[in-house]
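**Student:** Can you read through this structure? Questions will come right after.
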Amino acid sequence: DAGITQSPRHKVTETGTPVTLRCHQTENHRYMYWYRQDPGHGLRLIHYSYGVKDTDKGEVSDGYSVSRSKTEDFLLTLESATSSQTSVYFCATRRDGNTEAFFGQGTRLTVV
Amino acid sequence: GQNIDQPTEMTATEGAIVQINCTYQTSGFNGLFWYQQHAGEAPTFLSYNVLDGLEEKGRFSSFLSRSKGYSYLLLKELQMKDSASYLCAVREGGNTPLVFGKGTRLSVIA
């Protein structure tokens, strides 16, 4: 499995504050993804990256931004957190080719 | 648009066989993936099909029919530890992200 570390693992924040989640991988995988998982919705793609400084929006990108300044790190930022962004956030990575994605352990974010 | 459907919940008995179905309607197709996710944990990869037919991996098998937009995951000799959610995901294009169904929660009972 890819070495994928998400930080923090748990966070409680107040509405309106900025929040940054970090995904760090040690496998030199080209592709990185941020998904959120909510009851009744399954995993939904927020943003993804296909290389350093190359990112694109997913299905539920409103209210989120991302940055990838080096291969190993993919940051997800909530500019002004809202209660609807309370969720479990998963980072995933994938090497080149039609291959499977590997998931980090997730970050449980609560916006109060 | 994309539509990936799976049953929400299933229950099966320890030692039995269970089949979890997945149907999909996507704009393209470049592979179907099955993941297992235990409660509170990350999804882990189980199997991958890109051509029609059956792929077997130990107690788990996965089948694909591209013409029918249909796949199933077959779990044999069920064990209590198989209680988990099973996620079906499709890749539409060469390097596009996986699109997931909502998952099937399987409960294995004694």
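**Student:** When only residues in the range B:58-75 that are open to solvent by 10 Å² or more (accessible area, probe 1.4 Å) and within 18 Å of B:Tyr24 (Cβ to Cβ) count, which is nearest to the other protein chains (Cβ to nearest Cβ)?
**Tutor:** Here the residue is B:Arg66.
**Student:** Next up: Within the range B:15-27, does at least one residue satisfy the condition of being more than 13 Å from chain A (Cβ to nearest Cβ) and either among the basic types (Lys, Arg) or open to solvent by less than 20 Å² (accessible area, probe 1.4 Å) (or both)?
**Tutor:** Yes - at least one qualifying residue is present in the range B:15-27.
**Student:** May I ask you to list the residues in the range B:38-57 that are within 12 Å of another protein chain (Cβ to nearest Cβ) and either open to solvent by less than 20 Å² (accessible area, probe 1.4 Å) or more than 30 Å from B:Met80 (Cβ to Cβ) (or both)?
**Tutor:** The answer is B:Ala42, B:Pro43, B:Ser47, B:Asn49, B:Val50, B:Leu51.
**Student:** I'd like to check something: does the range B:76-93 contain any residue that is in contact (Cβ under 8 Å) with a residue 60 or more places away in the chain, closer than 23 Å to B:Gly28 by Cβ, open to solvent by less than 10 Å² (accessible area, probe 1.4 Å) and more than 13 Å from the chain's Cα centre (by Cα)?
**Tutor:** The answer is yes; a qualifying residue exists.
**Student:** Do you know which of the residues in the range B:5-14 that are under 11 Å from the mean Cα position of the chain (by Cα) and not acidic (Asp, Glu) is farthest from the other protein chains (Cβ to nearest Cβ)?
**Tutor:** The selected residue is B:Pro7.
**Student:** Can you tell me which residue is surrounded by the most Cβ atoms within 10 Å (Cβ to Cβ) among those in the range A:51-69 that are among the hydrophobic types (A, V, I, L, M, F, W, C) and under 13 Å from the mean Cα position of the chain (by Cα)?
**Tutor:** Narrowing the range A:51-69 to residues among the hydrophobic types (A, V, I, L, M, F, W, C): A:52, A:60, A:66.
Subset that is under 13 Å from the mean Cα position of the chain (by Cα): A:60, A:66.
Working: A:Val60: 18, A:Val66: 23.
Here the answer is A:Val66.
The values are calculated or read from the model by the stated rules, or taken from the named source; none is laboratory data. Because the structure is predicted, anything quoted here is derived from the model rather than measured. Heads up, the Cβs are rebuilt from the backbone with ideal geometry, glycines too, and the neighbour counts pull from every protein chain shown. All accessible areas refer to the heavy atoms of the entire protein, side chains included, with ligands and DNA or RNA removed. Shrake-Rupley method; radii C 1.70, N 1.55, O 1.52, S 1.80 Å.
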